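Input: one structure, supplied below.
Rule-based calculations on the coordinates, nothing more; no lab input. A quick note: this is a predicted structure, and the numbers were derived from the prediction, not measured. So basically every Cβ, Gly included, is an ideal-geometry build from the backbone, and we count neighbours across all protein chains shown.
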Amino acid sequence: MIEESLRQYIELYDTNREEIDAQSAPVLNRHREGALACLKHLVLPRKGDDNYENTDLRAILGADYGVNVRRVQLPVNPADGFHCGIPRVATSLFFIINDRLVCGVDCREKLPEGIEVESLREKALKAPEEVERYYAGLADGSNPIVAMTALLAQDGLWIKVKKGVRVADPVQIINLSGGVNDLLTPLRVVIVMEEDSELRLLVCNHTAGGSVNQLTLSTSEIYAGRNSHLEVYTMEESDMTSARLSGLWLRQEDDSDVLVNGMTISNGSTRNEYHCRYAGTAARLRLYGMGIADADRMIEVYSRVDHDTDRCHTDELFKFSVDDRACCGFTGLVRVAEGAVGNEAYQSNRNLIGSNEARMMSKPQLEIYNDDVQCSHGSATGQLDELQLFYMRTRGLSEHEARMLLKQAFMADVINEVHIPGLKERLAHIVERRFAGEAAGCHECSFNTCGE
Amino acid sequence: MLKVKDLHAEINGKEILKGIDLEVRPGEVHAIMGPNGSGKSTLSMVLAGNPAYKVTGGSVEFYGKDLLAMEPETRSHEGVFLGFQYPVEIPGVSMMNFMRAAVNAKRKYFGEGPMSAAEFLKLMREKRSIVELDNKLASRSVNEGFSGGEKKRNEIFQMAVLEPRLSILDETDSGLDIDALRIVAEGVNKLKTAQNATIVITHYQRLLDYIKPDIVHILYKGRIVKTAGPELALELEERGYDWVKRELGEEV
C-alpha cells in the first residue's frame, strides 16, 4: 500500500527515471531503486506521532509540486547585483540555485589550496570512487527525507577540506530556490573534513518569493575527521509559502570539534533534523539553534546525539520564540551507550510564548546506560518577565520596544555562539529587524535586489 | 510639582495604600520612612505606574497633569524616575543599548531626533563619573552580574542620564556598604537642583546623614501618619516606631 502523498513522486520517478539519471551521476543513481522500494512501503509518521509533534509530513509532501527533472535553469544570474549581507567577512561566496552550484565573483580564486567546493554531480562524475565512499554512508535510508532525496536528488554540494588544511576565511553558500511553478527541490550535501582540517561554513537558505509554493528537501552528510574543526551556520529566511524538510547526519572522529548552529529567522513550515554520532573519543559537539515563529508558521527541530565512545562532550541549546498562532517543537534525545565512559552532555531547550494561541511542544530526553557520565537536560517555556518590562518602561522605553529588546536578548546566547567575525553582529541586526516586524532581513541578498 | 490626594491602591485584591496625601515642590527632598509592610514600595510602584498595582481611589497630579492616566514610559518622559529597591537584571540587553534606547525614546517624545553616537558616548562618560561607575559595566548586560553596590550606583547613573524632575529612590541604601552608600548619596546630591525634587524611601536614618531631607513622613499601614522636619528621622532612629504606634492608639 503506497502512501497517497508519496504516490506522485513514485509515479514521477517511474515516468522520468531516465531523464533523472541522465541529469545526475551514477553514484547518485545507484541509490534510487533502493529508495523507491523503501518509499513504496514507507508508512509516513502522522502529525502528533513520536518525534513528529508538529510536522505533518503527509500534508507537506502531499501538495502538488513539480520537480525540475530536466534541470532547466532559472533566468537568474545570482552574481548580478549581489551585495553581501554580511559586511567585513571576506567570504568565498557560492550559490546553489535550486540544486545547481554557481560560483560567485572570484570565489574560486579566494579559496585556498586543499579545499574543494563543487557540484556533487560533477564531483561524482569526475571522481566516482571518492564520492561513493561518502554518499549515503551516514544517512538512514528509511528516513522519509533521506529516502525522498535519494530518489529524486540529481545534484547538490560537495565540500572537502584536505588533511591539515585550515581554511581561514569562511565559505558562504547562498541557497536560492524558486521558479515560476510550485516546485520541489531535492538536494544532497556531502562535507568531508579530513584529519586536522578546519572550516567555517555559512549556509543561507532563501526562497525566491512570489506566490509559488516551494518545498526544499535536503540531506546533508558530514564527516568530521580526526582533530578536525568545523563550524556550520545555517540560516533560513524564506517565505510563508515555503516548506523545508532537512536532515543533517554527522559522524565525528577522535578529537574533532564541530559546531552546528541552525537559525530559522523566517519561514513557512520547517523541520530540521540533526542526527549526530561520535565515532571516536574526546570529540566535542556544540549543537545550537533558534527559531522565530509568528503568524501561522511552524518550526520543528528533532535532534539525536549518540555517545557510543568515550570522553565526548555535547552542548545542546535550542531556543524558540513563538507568537500569534505559530507552532514550534523541539524533540531532543541524547543517548549514552553502555560502556561509553567519561561523557558529558548538556541539553537545553528554552522557549518564549507570546500569545494564547501560540504552541510549543518540548521533549528533552536523556538515555544513559552507564554511571560514568555527566549529563543534564532541561526545558523551560514561559512569557516575558513583567518586572523586566516594567523596569524598562520606567526608563522611557515603550512597551513594544521593551518587548522587542527582551526577545532579542532571549536569543543572545544562540547568537553569541556564532564565531565568524562580523556575522554575529549582522545576525543580531537581522534578529532585531525580525522582531521589529520588518520583512526578511536579507534584502541585501541578490534575489531581492534583482527583483527591484 | 506632585500632588497626591487620598490615594488608594491594591495588589492582588489586597488594599495596601489607604489614602495617601503628599505634596512635593521643586527643590525639596522628602524622606518617607516606615516599618516593613507599611506600603512604602507600593507607593513608589504606583507613582511609577507598575501595571501589577491597581489604583482604586484618589488622584495624582504631576505639574497639573493626571499622572495616573499616563503609561509608565510617559511618566518617565514627563520626568518621574524610580530608583528600584531591587534593580532588575536583564540578561542579553547591554547597558549601552538600553541607555541609548531610553535616551532616544525621551528625545522622540519631545520631538527630537536620535542622539549621535559621539554625543551619546560623551553623555555616558560624563554621567558615569557622577557615581564612579566602572566603564566595564557599560558593555555588560543590564545589572547582570553587578554587585549590590554596582546595581544601586547604576540606578543613580540612569537617573543622571534621564535628568528627571522627580526622583523616587526606593530603599537605595539597602544592601550597601558604607563606601557605596557615600558614593550613591553623593551622586544624588550632585544631581540636586532648585528645579528638581527627590523622594527618598528608607528604613534607616543612615542614608539621611548623607541625603538631607527637608521633610520626613512616616508611612504606616497605608497612610502617612506623621509629617515633620528632619528631626523626625532622628527621633525614629532613637526611639523606633513603637512610639508612633502608641500615638496612634495601638497596643505595642
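From the mean inverse distance of alpha carbon pairs (Kirkwood) and the Cα radius of gyration, derive Rg over Rh for segment B:174-234. It would help to have the intermediate numbers written out before the result.
Numbers: Rg = 12.4 Å, Rh = 12.7 Å.
Checking Rg against Rh, the ratio lands at 0.98.
If you place +1 on the Cβ of every Lys and Arg, -1 on the Cβ of every Asp and Glu, and leave all else neutral, what size is the dipole of the protein assembly as shown about its Cα centre, to the nearest 20 Debye? Let's see the in-between values first.
Working: 82 positive and 106 negative charges, 279 e Å.
That gives a dipole near 1340 debye.
Points 7 angstrom from Cα along the Cβ direction at A:Arg46 and B:Arg246: gap in nanometres?
7.9
Continuing with this model, one more query. To make sure I understand, if each residue's beta carbon is the centre and we count other beta carbons within 10 Å, what order do B:Val200, B:Val103 fall in, fewest to most?
B:Val103, B:Val200
Run the quick spin-label model on A:Asp413 and A:Glu132: label points 7 Å from Cα toward the beta carbon, then report their separation in nm to one decimal.
That separation, rounded to one decimal, is 4.8 nm.
Something else now. Each label point is 7 Å from the Cα along the Cα-to-Cβ direction; what then is the distance between the points at B:Glu23 and B:Lys65, in nm?
2.2
Can I get the semi-axes of segment A:94-135's equivalent ellipsoid? Compute them from the C-alpha gyration tensor as square roots of 5 times the eigenvalues, in angstrom, largest first.
20, 14, 7
Set Lys and Arg Cβ to +1 and Asp and Glu Cβ to -1, take the dipole of the protein assembly as shown about its Cα centre, and tell me which of B:Val161, B:Val4, A:Pro364 lies farthest positive.
About the Cα centre, the residue reaching furthest to the positive side is B:Val4.
Hull surface divided by four, with the convex hull built on the Cα atoms of segment A:37-76: how many nm²?
4.8
In whole Å, what are the extents of segment B:89-141 along the principal axes defined by its C-alpha atoms, from largest to smallest?
Each principal axis gives a Cα extent; for segment B:89-141 these are 32, 24, 17 Å.
Across the residues of B:84-90, average count of Cβ atoms on other protein chains within 10 Å?
Mean partner shielding for this stretch: 4.
Pick out, in residue order, every one of the GluC sites (Glu not before Pro) in segment A:321-415 that is DSSP loop and has at most 13 other C-beta atoms within 10 Å; say none if there are none.
A:Glu338, A:Glu357
Work through the residues other than A:Val192 whose Cβ is under 12 Å from its Cβ and net out their charges, Lys, Arg +1 and Asp, Glu -1.
Its environment carries a net charge of -1.
Given the peptides A:14-24, A:320-330, arrange them by the average over their residues of other C-beta atoms within 10 Å, most packed first. List each step's numbers first, then the result.
On the way: A:14-24: 15.0, A:320-330: 23.5.
Going from most to least packed, we get A:320-330, A:14-24.
A further question on this structure: Rank the residues B:Lys192, B:Lys127 as a footprinting-exposure proxy: fewest other Cβ atoms within 10 Å of their Cβ go first.
B:Lys192, B:Lys127
Only Lys, Arg, Asp and Glu count, each charged at its Cβ (+1, +1, -1, -1), so figure out the dipole size of segment A:227-372 about its Cα centre, rounded to 20 debye.
Charge dipole, segment A:227-372, about its Cα centre: 360 debye, nearest 20.
Relative contact order for chain B using alpha-carbon pairs under 8 Å, separation at least 6, rounded to a whole percent?
27
Same structure again: Placing +1 at every Lys and Arg Cβ and -1 at every Asp and Glu Cβ, with all other atoms neutral, what dipole size does segment A:90-143 have around its Cα centre, in debye to the nearest 20?
Magnitude of the dipole: close to 140 debye.
Say R0 is 56 Å: what FRET efficiency, to the nearest 0.05, do A:Glu109 and A:Asn370 get from their beta-carbon distance?
0.65
If you don't mind, another one. Tell me the relative contact order for segment A:4-384 as a rounded percent, counting alpha carbon contacts under 8 Å between residues six or more apart.
On the way: 1048 pairs, mean separation 41.7, N = 381.
Once divided by the residue count of segment A:4-384, the mean separation gives 11 percent.
What number, in nm² with one decimal, is the all-direction average of the projected area of the convex hull of the alpha-carbon atoms of chain B? Mind dumping the intermediate values first?
Values: hull surface 55.0 nm².
If I average the Cα hull's projected area over directions, I get 13.8 nm².
Taking the Cα atoms of segment B:46-109 alone, what are Rg (to one decimal) and Dmax (as a whole number) in Å?
Rg then Dmax for segment B:46-109, in Å: 13.5, 39.
Determine which residues of segment B:74-91 fall in the zone a paramagnetic label at B:Lys190 would reach in this model, i.e. backbone nitrogen under 20 Å from the point 7 Å along Cα→Cβ.
B:81-84
Show the residues, 5+ positions off or on another chain, whose built amide H is closer than 5 Å to the amide H of A:Asn98.
When sequence neighbours closer than 5 places are left aside, the close amide H contacts are A:Leu176, A:Ser177, A:Gly178.
Hey, another quick one. Give the order of A:Lys110, B:Lys106 when sorted by the count of other beta carbons within 10 angstrom, beginning with the fewest.
Starting with the residue having the fewest Cβ neighbours, the order is A:Lys110, B:Lys106.
Hey, another quick one. With a Cα-only, solvent-free Debye model of segment A:4-384, what are the log10 I(q)/I(0) values at q = 0.06, 0.09, 0.10, 0.11 Å⁻¹?
-0.21, -0.49, -0.62, -0.76
Give me the percent of DSSP beta bridges within the protein assembly as shown that run antiparallel, rounded to the nearest 5.
20
Once fully extended, how much extra length lies between A:Tyr346 and A:Ile10, figured as 0.36 nm per residue of separation less the alpha-carbon to alpha-carbon distance?
Gain on stretching A:Tyr346 to A:Ile10: 116.8 nm.
Return one number: the angle in degrees, 0 to 90 and rounded to the nearest 10, between the long axis of the Cα atoms of helix B:95-109 and the longest principal axis of the Cα atoms of chain B.
80
Please list, in chain and number order, the residues 5+ apart from A:Thr270 or on another chain whose amide H is under 5 Å from its amide H, with Hs placed from the backbone.
A:Arg244, A:Met298, A:Ile299, A:Glu300
Okay, helix-only estimate at 222 nm for chain A: each DSSP H run of n ≥ 4 adds -39500 (n - 2.57), divide by all residues, round to 500 deg cm²/dmol; what do you get?
Working: 13 runs with 110 residues, N = 452.
Only helices count here, giving -6500 deg cm²/dmol.
Rg and Dmax of the protein assembly as shown, using alpha carbons, in Å: what are they?
Every Cα atom of the protein assembly as shown included, Rg and Dmax give 31.0, 101 Å.
Something else now. Treating cross-link reach as a plain straight distance, find the aspartates and glutamates whose alpha-carbon is under 12 Å from the alpha-carbon of A:Lys162, omitting any fewer than eight places away in the same chain.
By straight Cα distance, A:Lys162 reaches A:Glu113, A:Glu116, A:Glu194, A:Glu195, A:Asp196, A:Glu198.
Round to the nearest 0.05 the FRET efficiency obtained for B:Tyr109 and B:Ile11 when R0 = 22 Å and r is the Cβ-Cβ distance. Intermediate results must be reported in sequence, preceding the final value.
Working: r = 28 Å, r/R0 = 1.29.
For R0 = 22 Å, the calculated efficiency reads 0.20.
Calculate how many DSSP beta bridges within segment A:84-233 are antiparallel, expressed in % of all such bridges and rounded to the nearest 5.
Numbers: 9 of 45 bridges.
Bridges in segment A:84-233 are about 20 percent antiparallel.
Please list, ordered by chain and number, the residues whose modelled amide H lies under 5 Å from the amide H of A:Leu366; skip anything fewer than 5 residues away on the same chain.
Sorted by chain and number, the residues that satisfy this are A:Val334.
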